[in-house]
1. Go through the residues of the range 250-259 one by one and say whether even a single one is over 15 Å from the mean Cα position of the chain (by Cα), basic (Lys, Arg) and either part of a loop (DSSP other than H, G, I, E, B) or modelled with pLDDT of 95 or more (or both).
2. Out of SER107, SER96, report the one residue that is within 16 Å of the chain's Cα centre (by Cα) and among the polar types (S, T, N, Q).
3. Is one or more of the residues making up the range 81-92 hydrophobic (A, V, I, L, M, F, W, C), at pLDDT 95 or above and part of a helix (DSSP H, G or I)?
4. Need pairs with beta-carbon distance below 7 Å; first residue without any contact (Cβ under 8 Å) to a residue 60 or more places away in the chain and within the range 51-80, second surrounded by 16 or more Cβ atoms within 10 Å (Cβ to Cβ) and among the basic types (Lys, Arg); sequence gap 6+ or separate chains.
5. Considering only the range 189-208, I want to know if a residue exists there that is surrounded by fewer than 24 Cβ atoms within 10 Å (Cβ to Cβ), free of Cβ contacts under 8 Å to residues at least 60 places away in the same chain, of a type outside the set (Lys, Arg) and touching a Gly at 6+ places or on another chain (Cβ under 6 Å).
6. Can you name the residue in the range 210-238 that is assigned to a loop (DSSP other than H, G, I, E, B), at pLDDT 95 or above and of a type outside the set (A, V, I, L, M) and is also farthest from HIS20 (Cα to Cα) among such residues?
7. What's the number of the condition ARG162 fails, among (1) surrounded by fewer than 21 Cβ atoms within 10 Å (Cβ to Cβ); (2) outside any loop (DSSP other than H, G, I, E, B)?
Amino acid sequence: MSELCIMVAPNGARRTKADHPAIPLSADELAETADACRAAGAGAIHLHVRDAQLVHSLDADTYRTAIDAIQSACPDIAIQTTTEAAGLFDVDQQISAVRALRPACLSFSLAELLREGEAKAEAFLAWAAENGIGIQFILYDIEQIAIMRRMLDAGTLHAPDRPRLIIVVGRYATTQDSSVEEFDALHDALVATDLHREAIWMTCAFGRGEMVCLERAIELGGHARVGFENAIADANGKLARDNAERVRLVAALASKHGRPLAGPAGSAKVLGRLSDTAIV
């Protein structure tokens, strides 16, 4: 079986220490978490940063501070930054933030990227490809999977090889608890569009269904994003100790299904890193 990239998403845009005391928010806490999760089997970290008031931020300098701390503590982990709007940023601000930071790998919600039309999105995607920035597209539903297929066929993704995507399970469910049935519906759409073969795909799943959905993705050849952005408790509601504990659970599932773990270099390829011209 192919290598499995485990990417840890340790905090997200909204959760605070009131949700779980082990949520890492500062640069030093993120660095410590990255190091612990790398030891547990993660090859990559999906990075959110906060401003001085602990509000979700896309500020380039704040990102650089966190990235420097992570690279000092854990030099080889692959780093993916977020462009998440979280109700705070419009698409111009999201794009400007990427241009200011120039990360090697980032995630971008396809729906958010297309909010002001395909022309603006395509111009950004062409610039990103020219500058060696790997993009993982976030897809929340079957319609977005169909749009991804159409844009790939039209050449407007400007993907240099296979597109990278992550299907999100449970984010907008009533309880924000994912289910394997929802995962299967999204995966069926990938198969129907042949994106399960043409793309390099990953799954994240929210709430108590996180592990059952990730195990299904591992069985089917996908990659896995895990961590406190998505779930802080197990299927029975027991709080996890920390992000590394969640990573270890996915690593055990990988072993169960014969999937060796990808290291940082392999994980960077899964995330779409194109060159060394970007900053991380």
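1. Yes, there is a match, as at least one residue in the range 250-259 is over 15 Å from the mean Cα position of the chain (by Cα), basic (Lys, Arg) and either part of a loop (DSSP other than H, G, I, E, B) or modelled with pLDDT of 95 or more (or both).
2. On the way: SER96 fails: within 16 Å of the chain's Cα centre (by Cα).
It is SER107.
3. Yes, some residue in the range 81-92 is hydrophobic (A, V, I, L, M, F, W, C), at pLDDT 95 or above and part of a helix (DSSP H, G or I).
4. If the second residue must be surrounded by 16 or more Cβ atoms within 10 Å (Cβ to Cβ) and among the basic types (Lys, Arg), the pairs left are HIS56/ARG50; SER57/ARG50; CYS74/ARG38.
5. yes
6. To start, the set of residues in the range 210-238 that are assigned to a loop (DSSP other than H, G, I, E, B) comprises 220-222, 227-232, 234-238.
Checking the rest, the ones that are also at pLDDT 95 or above come to 220-222, 227-232.
Filter once more, keeping what is of a type outside the set (A, V, I, L, M): 221-222, 227-230.
Numbers: GLY221: 31, GLY222: 28, GLY227: 12, PHE228: 9, GLU229: 11, ASN230: 12 Å.
Looking at the filtered set, the residue picked out is GLY221.
7. Here ARG162 clears every test but (2).
The values are calculated or read from the model by the stated rules, or taken from the named source; none is laboratory data. Note that this is a predicted model, so its numbers are computed, not measured. Cβ: placed from backbone, ideal geometry, glycine included. Neighbour counts: every protein chain shown.
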